[in-house]
Structure formats: structure tokens, C-alpha cells
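Here the structure is laid out as C-alpha cells; the discussion comes afterwards.
Every number in this text was worked out from the coordinates using simple rules, so none of it is lab data. Keep in mind that what you see is a predicted model, and the values were worked out from it rather than measured. When we count neighbours, we look across all protein chains shown, and the Cβ atoms used for this are built from the backbone with ideal geometry, even at glycine.
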Amino acid sequence: MSSDAAVVRHTLARRLGDPAVLSLTVTVSLFVVLSLAGGMRFDGFLAPQVFLNLFIDNAGLLVVAVGMTFVILTGGIDLSVGAVVAFTTVLLASLVQHHRWHPLAAMLLALLVGTGFGAAMGFTIHRYRLQPFVVTLAGMFLARGVATLISVDSIGIDNSFQMAVAGLRIPLGGGTSLSVGAVTALAVVVIATLVSRSTPFGRTVCAIGGSEASALLMGLPVGATLVRVYALSGFCAALAGVLYTVYMLSGYSLHGTGLELDAIAAVVIGGTLLSGGTGQVPGTLFGVLVLGLIQTLIVFDGTLSSWWTRIVIGVLLLFFCLMQRLLLRRT
Amino acid sequence: MRRLFVHPTFWPLAALALLLMANGLFNPGFLALQWRGGHLYGNLIDIANRAAPLALVSMGMTLVIAVRGLDISVGAVLAIAATIAAATITHLQAGSAQGSLLPLFAAIGAALVAAALCGLWNGLLVVKAGMQPIVATLILMVAGRGLAQLISDGQILTIYYAPYAFLGNGFLLGLPFALYLVVAVFIALKLLLTRTALGLFIRAIGDNPLAAHVAGVRAHTITPALYVFCACCAGMAGLLVSSNVASADANNAGQLLELDAILAVSLGGSALTGGRFNLFGSLVGALIIQTLTTTIYSIGVPPQVNLVVKAVLVMLVLLLQSPQFRQQLRMLAPAARSSA
């Protein structure tokens, strides 16, 4: 065991040459630079609560993006997540508000439905060799369609339990606090990081993204893993839907439009290669934080219109995609 | 008879005919055409007219998909073209004489040039930067609507200019102008694809890019050109849509258009994996989608069902195209026969 240090040093050197790690370094630096730039321009930008608000406001996106990371790691994509979020909010609001279910029971059902929905898509993709983006596109139509069938109008929630959860703040000292949603999202990030790093499932996911044929030849359970990855993404989307319902206290079939694009952008900015195989969950966390920070900067500025967010996200996507191409070409 | 069944456009056409016939049965007036005030009126004309923007985009999308590409930015490009056309008209109208046609042609030119630039951008990202098509066009899809809103300053631009309305609402020899545009683009493409080697090249690139390259097919010129063409189709669709409602909404125009176009292409029998493509099939696919929408409105089902129907339809078409699924069906069929 004396060679442990040497092994660590060797892996460190190798990992810095890894495009995904380098990409993550760039993302973290970008986050720091953006924060400092904001701090220099605006008073109070560097206040701790501003950063905690990033988690509170982007809890749903963070959870969705974590699920998306696994899907993209296998070389797939899940376009249905925004629609599943919308469906979950409508289902929850309808069950709680119109059918007088207990919120916890409704949440449990919503999570099961989301997971099952994802698993069904994963099964179709794997069993019939269909392209993930078309299958999840159909899933997107279906989820949003069913959501509008349940209710066209936005359903407000005035359930006392739900209101209490929404208002609950967990103090962190110094007058700062986090919402239940933000804590849940952070827990998801931690668990997902552990799962992707130190379980057979996590390693199989990366192996499939690297080369599905090789993974099959190695005897890895490719089919089961693919189904589980999409089920995981469905679960994450449903969980994000639950968080959205708590955050907005309403269910609406138009919640989460374009959320899939933000999630994909966050994953890419976080250093996960869209071709699959390399990337990591903590990177996605920083991807989401960068997106949130841009939003915050635009709000702090006050003169920039909201559409600048979209343009800046597009430019960032371009930058990171080009950088990934260059890094891949070099190795 | 057998040759009829295997003809690539047979099944899409059969589906369209079935849909129209079902409509005719439940609603006898559905298929009727009327000649009123020098124009032909009726549900059929209405369906064709409303399907025109989607039909245009589907043709562009067909060719992009044929070379193993994908363009998910068409909705955003449509919004950009519509906004630029509206902005150009508003800008030029003040300076030109009443009834002058200059703003009309300037708007068409500006919108198409903008769309072509968008297509060139997509094409270069795919070919020069070597990005996956879905990622390359995702960038414009995300940023495009932002750019359109930047041009329109976040407003819905209203067009107060009579000549422009001709594109989306005008009639020529009794038929809507939009139909002529679709047919003209289709015929021009068909000639280009069958009378020159272009069709062969496109199929070669889609079937096996490496083999095509080795055989000397200039994929690096053809592929970006197809993205430019697809974006121009989206630009023309943007002109039709904004002319039809006399306004340009940067945020909502062409929403989900990319999905409808992909659906039309797959309904038309083109392989989503590239190579085999069917231009006429895509036109039929666009008509099927519009007929479905019109049907759902006319039989009084809540319009929200539309999304669910489309989802089921996509899944069905995809499954029928999958060799694994067909094999499963074939294995099930004898079993059912022997047990009966």
C-alpha cells in the first residue's frame, strides 16, 4: 500500500488531461469570475444569501439536470423532462386541490408515475433500437398533452401542509437560510455523485457512453442500465415537479417550458460531453449555478432585458461545445 | 398490387385518405368545395393552406435528415425571419409612397437572407466544427428567440401594410397563394434531385458518409447547403405565418415547429437515421398533421387531445419503422394464427 501516493499523483495528472476535468475547471473559474465581476459592479452581490438564493431559485432545474447528466453520459438525451415537470405539478395540484389527497401521498404517486414513465421510454429506446431524442420527444408531447387534459388552467394550491412546507426556511446562521427544495436538490446532487462514482451502475453508465458495443462485450447489463437511466431521469423530473409545485404553489401545464434546454445547457457547461462517456455530476451543479448567476446578474443590472439570458446561454453553449471539440481533437 | 403496397408513399397517402374519409363520413359537409367570389373555399383548401408553412419546413428537414443531420432550430429561425420581415416593413413604410411594393420585396429579401445566414451558421458548426447536428442547432434554438426578441424589443410587431397580406392570405386563380409556393418549391427540388446527381449524393452521404467521401462526394459543400435550404424554408414559413396573422411574435411564432416537422418527415416514410428519404411523403405527412388538427377542432374534442394524438402517432410510426418491432410482430402473428 506504499504506492498509494504514487497512484493518486498519477491519477491526478491523468485527470487534469481529461477533457471533462479541464472543462469543469473552466466552468468553476467562469463561476468565480462572474461572481467577482458581479461583486465589483453591484453592491451586495457577494452577500451569502444571494448565493443561497441560486440554490433556492434553481432547485428544480438542478434536480432535472442531475438526471439529465446520467442520460447524456450514456450518449442519450431526454427531451421530455420539462413536460414531465409540468405534468407532475398539474397532477399534484389536481390531486391535492380537487380530490383532497394528502400532499405526501400525491407526491409519492407523482414520483412513481414519473419513474415509470421514464422506464417505459428507456425500455422502448433499448428494446426497439429507437433514437432517444425522438422517443423522448413523443414522451414530451404525451406528458404535456395529458397535463393539459387534466387541467387547461393553472390550479392554485392552498393546502395548509403544502403552504407550511413552502414557507419553511432552514437557517444556516448569520441571517441566511435555505428552502426545503434547495436542501432536497443538494441532497440529490450528493447522492447522485456517490452513485456515479462508486457503484457498478455509475460505471456501467460511463461504459455505455464510451462505447455501447464494448460495454455489451464486457458483459455489462446494457439494457437494464439504459432503462434505469431513463427511469432515473423520469424520477428526477417528477421530483423537480414536486419542488416546483412547492416553490410556485400551483400546478400548470405550461410550467417548465424549455426546461429541457436549460438542463442540457447546464450539463454541457458542466463539462459532460454530449457524445457520452465522460462527465460528472458536480460539474452539472456548477453548470446550473452559472446559468443562475447569469440570471441574477441580469436582474441586478435592471436595464438588460430578459431575452439577453437566452442569448448569453446560447453563446456559452457555443463556447463550451467548441472547447469540447478542440479538447477531444487534441487527445 | 404488391408493388402498390411497397411504394414508399402508399402508406402515408392511405393514412391521409382514411383520415379525410372518416371526416367525410362523420361530417358530410367536410369534403365539400365551394366556388365563392372567385375563390375556392372548403375544409380541404383550408387544410392545405394551413399546412403550407409546415410543408415547407418539412421539405427542408427531409433533406437535412437524409444526410444524417437534424435541424431543431427551425422554429427559432421562423421567429427571426418573421420578426425581421415585420421590422423591415415598419422601417421602410414611413419613407415610401402609399401602395409602394418596395417594403414587400425588401421584407422578403431581408427575411430570407437572415434565414440563410442562420442555416449557414448551423451548417458550418456541423461540418467545420464537427458538432453533432442536434447540439449545433440547439445553440441557435436557444439563442434564436432571444435574438428575435432583441430585434423586436420584446414586442409583438403588428404589420399595417396591405400588400404583405397577399403572401399568407392572398388568392391566385382561385387558390391560396401559399399553395403555389409549396408546389413551386417541391417541383424545383424534385427537378434538382432527379435531373442532377444531387439526389444520389444526398442518399450516398446519408447511407454511408465515409464511403461517400471516398467516392468523392463533396459532403462538406452539400451538407451546409442543405442546412441553408432548410433554414430558408423556415424563413419562407415565417413570411407566410407573419403575413397570415399580420404580426410577428418573436416569442411564440413557430413554437414546437421543429417537432411537427420531424413528425411529418417520419410520417412520410423517410428514415430518421438518414439515407432513405421521401420528399413527397413529407408533404403528405404535413397534410396528415394539419388534417388531424382540423379534425380535432371540427369534432369538438378539446384541442389539448391534439398533443396526445400526435405522441401516440409518433410512437406508432417509430415502432413500425423499427426492425426489432417488426420481428416481434412477425413472431406474434404465426402464434396467433396457430392458436386460432
Given unit charges at Cβ for Lys, Arg (+) and Asp, Glu (-), the dipole magnitude of region B:89-224 about its Cα centre in debye, nearest 20, is 340 debye
By the C-alpha gyration tensor axes a ≥ b ≥ c (rounded if a/c is under 1.5, else prolate when a/b exceeds b/c, else oblate), the shape of region B:126-229 is oblate
Over all viewing directions the Cα convex hull of chain B casts an average projected area in nm² of 21.1 nm²
Checked against the positive end of the charge dipole of the protein assembly as shown (+1 on Cβ of Lys and Arg, -1 on Cβ of Asp and Glu, about the Cα centre), the farthest of B:Leu140, A:Gly283, B:His220 is B:His220
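Most exposed first by the Cβ proxy, i.e. fewest other Cβ within 10 Å, how do B:Cys232, A:Cys206 rank?
Ranked by crowding around the Cβ, least crowded first: A:Cys206, B:Cys232.
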Computed on Cα atoms, Rg of region A:114-169 relative to 2.2 N^0.38 Å comes out at 1.64
Within 10 Å of the Cβ of an average residue in B:127-135, the count of other chain Cβ atoms is 4
Under 5 Å from the placed amide H of B:Tyr41, counting only residues 5+ away or on other chains, we find B:Gln34, B:Trp35, B:Arg36
Under the 7 Å Cα-to-Cβ spin-label approximation, B:Phe166 and A:Thr257 lie apart by a distance in nanometres of 3.4 nm
Under the Karplus relation with 6.51, -1.76 and 1.60 and θ = phi - 60°, whole-Hz ³J(HN,Hα) for region A:246-257, x at Gly and Pro, equal 5, 5, 9, 6, 7, x, 8, 5, 9, 5, x, 5
Shielding of A:145-154 by other chains, given as the mean Cβ count within 10 Å, works out to 3
Here the residues of region A:178-222 lying in the modelled label zone of A:Leu34, meaning backbone nitrogen under 15 Å from a point 7 Å along Cα-to-Cβ, are none
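For B:Ser298 and B:Gln328, what is the calculated FRET efficiency with R₀ set at 51 Å and r taken between the beta-carbons, to the nearest 0.05?
On the way: r = 36 Å, r/R0 = 0.71.
Plugging the Cβ-Cβ distance into 1/(1 + (r/R0)^6) gives 0.90.
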Full extension between B:His7 and B:Lys190 adds, at 0.36 nm per residue less the Cα distance, a length in nm of 64.1 nm
Here the convex hull volume per residue of region A:176-331, taken over Cα atoms and given in Å³, is 147 Å³
Calc'd 3J(HN,Hα), region B:123-129, phi into Karplus 6.51 cos²θ - 1.76 cosθ + 1.60 (θ = phi - 60°), Hz, glycine/Pro = x, comes to x, 5, 4, 6, 7, 6, 7
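I need the semi-axes of the equivalent ellipsoid of region B:71-173: take the C-alpha gyration tensor, multiply each eigenvalue by 5, square-root it, list largest first in whole angstrom.
Taking √(5λ) for each Cα gyration eigenvalue gives 30, 14, 12 Å.
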Between A:Ser177 and residues 5 or more places away or on another chain, the pairs with built amide H atoms under 5 Å apart involve A:Leu172
Listed with the fewest Cβ neighbours within 10 Å leading, B:Ile80, A:Ile208 appear as A:Ile208, B:Ile80
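Fewest to most neighbouring Cβ within 10 Å: what's the order for A:Asp43, A:Asp78? Walk me through the numbers before you get to the answer.
Working: A:Asp43 8, A:Asp78 34.
Taking fewest neighbouring Cβ atoms as first place, the list is A:Asp43, A:Asp78.
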Counting other chain Cβ atoms within 10 Å of each Cβ in B:255-268 and taking the mean gives 2
Binned at 5 Å from zero, the C-alpha pair distances of region B:7-60 give percents of 4, 16, 17, 24, 19, 13, 5, 1
For chain A, the dipole about the Cα centre with charges only on Cβ (Lys and Arg +1, Asp and Glu -1), to the nearest 20 debye, works out at 780 debye
The equivalent-ellipsoid semi-axes of chain A, taken as the square roots of five times the Cα gyration tensor eigenvalues and listed largest first in whole Å, are 31, 27, 18
One finds, for A:Met163 and A:Ala213 with R0 = 56 angstrom and r their Cβ-Cβ distance, a FRET efficiency to the nearest 0.05 of 0.60
Counting only residues 5 or more apart in sequence or on a different chain, those whose built amide H sits under 5 Å from that of B:Gly170 are B:Phe177
Cα-based Debye curve of the protein assembly as shown sampled at q = 0.06 Å⁻¹ gives log₁₀ I(q)/I(0) of -0.36
Computed from every Cα-Cα pair in region A:12-101, P(r) in 10 Å bins starting at 0 and rounded to whole percents is 13, 25, 30, 23, 8, 1
Taking the dipole of the protein assembly as shown about the Cα centre (Lys, Arg +1; Asp, Glu -1; charges at Cβ), the one of A:Pro48, B:Gly69, B:Ile202 that reaches farthest to the positive side is B:Ile202
Rg/Rh of region B:249-340 (Cα atoms, Kirkwood Rh), to two decimals, equals 1.09
If every Lys and Arg gets +1 and every Asp and Glu gets -1 at its Cβ, then about the Cα centre chain B yields a dipole, in debye to the nearest 20, of 1100 debye
Here, A:Val190 and A:Val299, labelled 7 Å along Cα→Cβ, have an inter-label distance in nm of 2.5 nm
Here, B:Ala94 and A:Thr199, labelled 7 Å along Cα→Cβ, have an inter-label distance in nm of 6.3 nm
